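Note sheet for the following structure.
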Amino acid sequence: DEIANLLESMISSAYDRLGTPYNNFCRMGEASYDCSGLIGWSLRRAGATQIKSGGKQFRETTASGLAHLELLYYNGKKYEMKYVSKSSGDVTTLPDLQRGDLVFLVGESQPRISHVMIYLGDMRVIHSTTVTDFYRGTLVAGFRTELQGLYANALRLVPPED
């Protein structure tokens, strides 16, 4: 299954970055990432592009920018990104999350999407974060209750509808 292969490659790429420092000024570098930079870098490294012609192109963006991602190209095929829930903030869909979904959170002080993570399963995620003053970087963590309260939605990669 090509989707499963892409998602596992994306997750593996993110795991390769564990311990990498957080940096929201150099979002998609090789030495540091912010949350969206980690996702973009991992997708690019897995072979996904945002443009049909391929290449290594994956645009640097923000978490809110990734939340509007509609299409990805992989191995010459087009795949769609679909929201998991029909309405933003629907925490009843949290049990529906699947491995590889991109999970979006709103900010604690701002009513806009400000964080993105890769869902790993069993309420665990991988992301680049500033979780404490003592740790700022890429880590695997539980999808804690306080983060679940900030849940906006999740995107899932699906085959295109014909």
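The values are calculated or read from the model by the stated rules, or taken from the named source; none is laboratory data. It should be emphasised that the depicted structure is a prediction, and the values quoted were computed from it without experimental measurement. Every residue, glycine as well, gets a Cβ built from its backbone with ideal geometry; the counts of neighbours run over all protein chains shown. Side chains are part of the model used for accessible areas, which takes the heavy atoms of the whole protein and leaves out ligands, DNA and RNA. Shrake-Rupley method; radii C 1.70, N 1.55, O 1.52, S 1.80 Å.
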Considering residues of the range 113-142 that are assigned to a loop (DSSP other than H, G, I, E, B) and at pLDDT 95 or above only, the residue most open to solvent (accessible area, probe 1.4 Å): 122
Residue in the range 66-112 that is surrounded by the most Cβ atoms within 10 Å (Cβ to Cβ), counting only those that are over 23 Å from residue 16 (Cβ atoms), of a type in the set (Gly, Ala, Ser) and out of contact with any Phe, Trp or Tyr (no Cβ under 6 Å at 6 or more places or on another chain): 85
Any chance residue 72 is in a helix (DSSP H, G or I) and either among the hydroxyl-bearing types (Ser, Thr, Tyr) or more than 11 Å from the chain's Cα centre (by Cα) (or both): no
Candidate set from the range 15-33 (those that are at pLDDT 90 or above and not charged (D, E, K, R)); member that is surrounded by the most Cβ atoms within 10 Å (Cβ to Cβ): 15
Matching option when the condition is at pLDDT 80 or above and open to solvent by 50 Å² or more (accessible area, probe 1.4 Å), among 36, 12: 12
Enumeration of residues in the range 143-154 that are polar (S, T, N, Q) and buried (at least 21 other Cβ atoms within 10 Å of the Cβ): 153
Residue within the range 95-102 that is in a loop (DSSP other than H, G, I, E, B) and over 16 Å from the mean Cα position of the chain (by Cα) present: no
